[in-house]
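The values are calculated or read from the model by the stated rules, or taken from the named source; none is laboratory data. Nothing here was measured: the structure is a model prediction, and the numbers come from that model. Here Cβ is always computed from backbone atoms with ideal geometry, including for glycine, and neighbour counts include all displayed protein chains.
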Amino acid sequence: MAAVAAALALTACNDDDDDNVDPTPPPPPANQVVVGSWTAYDVSPLLSGLGITAVTAEFESNNTYTVVSSADGANTTFTGTYTVSDEATEDGIFSITLNQSEPNSLTSEGIFKVYPAEPDSMWYEVAQTIPSITGVTPPTAEAGFGSTSDGAFGNTNIQKYTRD
């Protein structure tokens, strides 16, 4: 009887069971949905008022970013690192913090939401927090888009992008 039990135990653990393993890697965490290349299709009125006519953004999976803005034919490149909240609100809005290192050091905080489509689109709203700007506070995921400075800017600080 012990021999039968041992035989059953050994056959239950053989290598043939490994054939049922799904080789598909798990999807990335939801907060990595920002990773990729983005081109603004609607430069915010706030940035347009500063002469900016185009913006591209590249968010890497190693939490670095590069943003290039164009104004009067000249490009300015901004680089740094970013962190994203682990979870989105019920509306799918994530919080994001950007620690810019070039061309100067500053921190911005804000929100984004990716809308799955062909191609994906993203709404993105951030405000500089360090060094602080008098009267400017970042938008929050709970308050939603248009919440920069408790809504004082309305929708003028919302960038709209498509995934490249």
I'm trying to understand the selection: among the residues of region 120-145, which are farther than 26 Å from GLY36 by Cβ and touching a residue at least 24 places away in the same chain (Cβ under 8 Å)?
ILE130, PRO131
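Can you name the residue in region 120-139 that is aliphatic (A, V, I, L, M) and touching a Leu at 6+ places or on another chain (Cβ under 8 Å) and is also surrounded by the most Cβ atoms within 10 Å (Cβ to Cβ) among such residues? Lay out the reasoning, then the answer.
Of region 120-139, the ones aliphatic (A, V, I, L, M) are 122, 126-127, 130, 133, 136.
Add one more test, that the residue is touching a Leu at 6+ places or on another chain (Cβ under 8 Å), and what stays is 126, 130.
Working: VAL126: 21, ILE130: 12.
So the residue we want is VAL126.
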Kindly establish whether LYS160 is more than 14 Å from VAL33 (Cβ to Cβ) and either surrounded by 14 or more Cβ atoms within 10 Å (Cβ to Cβ) or touching a Leu at 6+ places or on another chain (Cβ under 8 Å) (or both).
yes
Can you run down the residue pairs with Cβ atoms below 6 Å, 6 or more apart or on separate chains, where the first is in region 67-95 and without any contact (Cβ under 8 Å) to a residue 12 or more places away in the chain and the partner is surrounded by 14 or more Cβ atoms within 10 Å (Cβ to Cβ)?
ASN75/VAL68
Any idea which of TYR115, TYR65 is modelled with pLDDT of 95 or more and either buried (at least 19 other Cβ atoms within 10 Å of the Cβ) or hydrophobic (A, V, I, L, M, F, W, C) (or both)?
TYR65
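Every residue, every condition in (1) of a type outside the set (Phe, Trp, Tyr); (2) surrounded by 15 or more Cβ atoms within 10 Å (Cβ to Cβ), yes or no:
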| residue | (1), (2) |
| --- | --- |
| ALA74 | yes, no |
| GLU87 | yes, no |
| PHE94 | no, yes |
| ASN99 | yes, yes |
| THR148 | yes, yes |
Here is a list of conditions, (1) on the phi > 0 side of the Ramachandran plot; (2) at pLDDT 95 or above; (3) of a type outside the set (D, E, K, R), and VAL35 meets all of them except one; can you say which number that is?
(1)
Quick one: ASP19 ticks every box in (1) modelled with pLDDT under 70; (2) at positive phi; (3) of a type in the set (Asp, Glu) bar one, so which box is it?
(2)
Close pairs (6 angstrom Cβ cut-off, 6 or more residues apart or separate chains): closer than 11 Å to LYS160 by Cβ in region 41-54, small (Gly, Ala, Ser) and in a strand (DSSP E or B) anywhere
none
Kindly list the number of the only condition in (1) under 23 Å from GLN32 (Cβ atoms); (2) at pLDDT 95 or above that fails for ASP150.
(1)
Does GLY144 fit the bill of being under 18 Å from TYR65 (Cα atoms) and not charged (D, E, K, R)?
no
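Looking at region 95-102, is at least one residue modelled with pLDDT of 95 or more and more than 22 Å from LEU46 (Cα to Cα)? Give the steps one after another, and end with the answer.
Within region 95-102, the subset modelled with pLDDT of 95 or more is 95-102.
Now restrict to residues that are more than 22 Å from LEU46 (Cα to Cα): 101.
Yes; the residues of region 95-102 include at least one that is modelled with pLDDT of 95 or more and more than 22 Å from LEU46 (Cα to Cα).
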